[in-house]
Amino acid sequence: MQGIVIEIVVGTVAGAVLVFWIYGERGRLLRKSTLTVMEAQGWKNILNFKAMHSYIYGRWTREYIYALRNIIFPKIDERGRQKWADKYHGKVITNEQARSVITLNRNIPLQDLEQVIPYSVARTIVLNGPPDVVAYECGCRNSKSNHCSPTQVCMVIGKPFTDFIVEHHPKKARRLSQPEALDILKQEHERGHMHTAWFKDVLLNRFYNICNCCKCCCTGTEMMNTYGMKILASSGYVSQVDESKCKACSICAKVCHFNAISVDKTAAVIWDKCMGCGSCVVKCPNQARSLVRDEKKGIPFDVGAMV
């Protein structure tokens, strides 16, 4: 009994210290957006460190991703990597699907995306149309010394996340109008970059972000290609080649995020590696490539079908 009492007292003191640490931002009791996020997560998650995890992720995104890429992932075993992937993962989405999120004009209530996102946690979506969108500095690009530009291409979607990012990063984030958000998607798509929808268990167990990922900087694709971590789910599509138009120029292979293209006399798709992002389609100079629906690749992230 005495041991239980001691554990309760120690736990309470530790929880109180944690709360004051989180809430004591630069001498303030609490910023409004932090309070909103913490209240949404509940006291249980504050005391079990999940809320602290989400605070650190949102407050120091670049440093967080740098630590994952350079310190944590290289040192943990395969089981540990997959356990991490089950709680922090993304869905590859086509340009049309990314645009459909931005142009949403109806509310989407809580949805279970188990079939869309085949992971054990963080597979829900809550969106109010039109959604609140904030452009934020890409943690992946900024965590590398030699990175792609531009860097303000991560798109935080929906409250309370958007309010938190803008209040804590006034020089690194800005609110977007719908045309501005669509313009970012268009420009990144034309660069051959990949759109991904991200989910995280410590961020209210739901969808919170559209990333516009480049092949050389994206931590998610790096973890898949280097360590075999299944951190991304397929878009539900696969690339195909019209051999009559293909000139075997190898541009598609160079832009492919997942090394899913081989080139000999013509380009060929390695089916099990292709995630259906469409980067090869937009960059093919001969219009020899297209995306086709493949049921074996999973269900697309189609918000239009959810309303």
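The values are calculated or read from the model by the stated rules, or taken from the named source; none is laboratory data. What you are looking at is a predicted structure, and each value in this text was computed from that prediction instead of being measured. Using ideal geometry, Cβ is built from the backbone for each residue, glycine included, and neighbour counts are taken over all protein chains shown.
Values computed for the structure shown
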quantity	calculated
Output for the stretch 159-188, where each listed residue is crowded, with 22+ Cβ neighbours inside 10 Å, of a type outside the set (A, V, I, L, M, F, W, C) and under 14 Å from Arg99 (Cα atoms)	Glu188
Residues of the stretch 216-256 that turn out to be among the small types (Gly, Ala, Ser) and either in contact (Cβ under 8 Å) with a residue 60 or more places away in the chain or surrounded by 19 or more Cβ atoms within 10 Å (Cβ to Cβ) (or both), as a count	7
Flag if Ser143 is buried (at least 20 other Cβ atoms within 10 Å of the Cβ), at pLDDT 90 or above and not hydrophobic (A, V, I, L, M, F, W, C)	yes
Any hit, the stretch 191-209, residues being out of contact with any Phe, Trp or Tyr (no Cβ under 9 Å at 6 or more places or on another chain), without any contact (Cβ under 8 Å) to a residue 60 or more places away in the chain and closer than 26 Å to Arg289 by Cα	yes
Residue satisfying condition, being within 26 Å of Ala181 (Cβ to Cβ) and in contact with a Ser or Thr (Cβ under 9 Å, 6 or more places away or on another chain), within set Lys247, Lys200, Lys297, Lys283	Lys200
Residues being under 26 Å from Thr151 (Cα atoms) and among the acidic types (Asp, Glu) - total across the stretch 99-139	2
